[in-house]
Amino acid sequence: MAHRWTNDLTHDDVTPERAWLNRRQIIAAGGLAGLAATGLAPRATAAPEGLKPNTWEEITTYNNFYEFGTGKGDPAENAHMLTTSPWSITIDGLVDRPGDYSFEEVMEGMTVEERIYRFRCVEAWSMVIPWNGFELADLLDKVGVKAEARYVAFETALRPDEMPGVRFPVLDWPYVEGLRLDEARHPLTIMATGIYGRDIPNQNGAPIRLVVPWKYGFKSIKSIVRITLTEDEPPTSWNKANPREYGFYSNVNPEVDHPRWSQATERVIGSGLFARRQPTLMFNGYEEEVASLYEGMDLTENY
Ligand SMILES: Nc1nc2c(c(=O)[nH]1)N[C@H]1C(S)=C(S)[C@@H](COP(=O)(O)O)O[C@H]1N2
Ligand SMILES: [Mo]
């Protein structure tokens, strides 16, 4: 399969940031030999043309992380309060080896690579983000998924003492999300632990968050503390909050408008005062890779 993310997104402007090699990730990737696998090695620069990643500044100061407030600048201001080490993830449900896995145990054996992905928020803005992460499928294999499992449910930490935003009933906390098992196992689906080769900042979902690049940004749940394999479709925060506006699938689709705005175009973050708009691509540009997951489904019904 042609993996488009390796050849249509350039990485020309990240050279200074590449110097910020992250110790934890290099160790997780298996020492210096793992450097090539992080994507920080020169092979990541191959792309001849295409989109440029947003700057570190843009990616880390314009955020949605409602546990820290609903303003775009609130997470950058407040997320330092979140204790991210030690961290553990409970992996349970229909798995062979359930348990509480420390962050270090989760990372054991995972191959951390760089993935430069388009990121499209349901609010119709977009960025391009150079993530560091590993394929979720590898973690699922590590814990062993039982044959009856059909969905994966995710949960964010809920810490009222560290998260000023959860005092407000904006959402039914904790933030929860879910994927069908085949979506979760798709090679584009990653667990991100870094950006630009540095630890992922708290406001972006430290120490570990999901990234599903063909879905609206809200599916990419941050600061995950629980992963549960289930037989039934799990509830998801935005669907619970407003089922008419947010479905379970939430695939980026320029042809299906949000009830309150068009999804045909997107505002490009970082394109200046008079922000450029560009057409939104089907499945956020990953149609070739993921369309087969939805064969025979009515994408207007299954929004
Ligand atoms: N736990 C949690 N995860 C979350 C959110 C949130 O409010 N809480 N916001 C989502 C939304 S709407 C978007 S667009 C992305 C934003 O990710 P970024 O701030 O890293 O760009 O995170 C998603 N994950
Ligand atoms: Mo979003």
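The values are calculated or read from the model by the stated rules, or taken from the named source; none is laboratory data. Since we're looking at a predicted model, the values are computed, not measured. As a convention, Cβ positions derive from the backbone with ideal geometry for all residues, glycine included, and neighbour counts pool all protein chains shown. Ligands, DNA and RNA are stripped out before the accessible areas are found, and what is left, the full protein with its side chains, is counted by its heavy atoms. Shrake-Rupley method; radii C 1.70, N 1.55, O 1.52, S 1.80 Å.
A DSSP coil position with no more than 13 other Cβ atoms inside 10 Å describes the following trypsin sites (Lys or Arg not before Pro) in the range 255-303: Arg260, Arg276.
If I model the range 194-240 as equal point scatterers sitting on the Cα atoms and use the Debye formula, what is log10 I(q)/I(0) at q = 0.14, 0.19, 0.21, 0.31 Å⁻¹? One equal scatterer on each Cα of the range 194-240 leads to -0.42, -0.73, -0.85, -1.24. Taking other residues whose beta carbon is less than 12 angstrom from the beta carbon of Trp261, and scoring Lys, Arg as +1 and Asp, Glu as -1, yields -2.
Could you please report the charge total around Asp141, scoring K, R as +1 and D, E as -1 over all other residues with beta-carbon less than 12 angstrom from its beta-carbon?
On the way: positive: Arg97, Lys142, Arg185; negative: Asp96, Glu135, Asp138.
Residues close to Asp141 contribute a combined charge of 0.
Any chance you could check the Cα centroid distance between the range 174-193 and the range 225-303 for me, in angstrom? Each part reduced to its Cα centre gives a spacing of 14 Å.
Distant-in-sequence amide contacts of Thr265, defined by a placed amide H-H separation under 5 Å and a gap of 5 or more residues or a different chain, comprise Thr280. Note on the range 141-200: with neighbouring protein chains present and a 1.4 Å probe, carbon and sulfur make up 52 percent of its accessible heavy-atom surface.
The orientation-averaged projected area of the convex hull spanned by the Cα atoms of the range 175-269 comes to 7.2 nm². For Tyr62, the solvent-accessible surface with a 1.4 Å probe is about 50 Å², rounded to the nearest 10.
Sorting 211-220, 248-257 by average packing, meaning the other beta carbons within 10 Å per residue, from highest down gives 211-220, 248-257.
Put a dot 7 Å past the Cα of Ala275, heading toward its Cβ, do the same for Glu233, and the two dots end up 3.0 nm apart. Loop-located GluC sites (Glu not before Pro) in the range 101-132 (DSSP state not H, G, I, E or B) with no more than 16 neighbouring Cβ atoms inside 10 Å: Glu108, Glu123.
At a probe radius of 1.4 angstrom, the accessible area of the range 92-200 per residue rounds to 35 square angstrom. Per residue, the accessible area of the range 206-275 comes to 40 Å², computed with a 1.4 Å probe over protein heavy atoms only.
Among the trypsin sites (Lys or Arg not before Pro) in the range 113-210, those placed in a DSSP loop whose Cβ has at most 15 other Cβ atoms within 10 Å are Lys146, Arg150. Pairs exceeding 21 Å between alpha-carbon atoms, taken from Lys142/Lys215; Lys215/Lys240; Lys219/Lys240: Lys142/Lys215. Using only Cα coordinates, the Kirkwood hydrodynamic radius of the range 93-182 works out to 16.0 Å.
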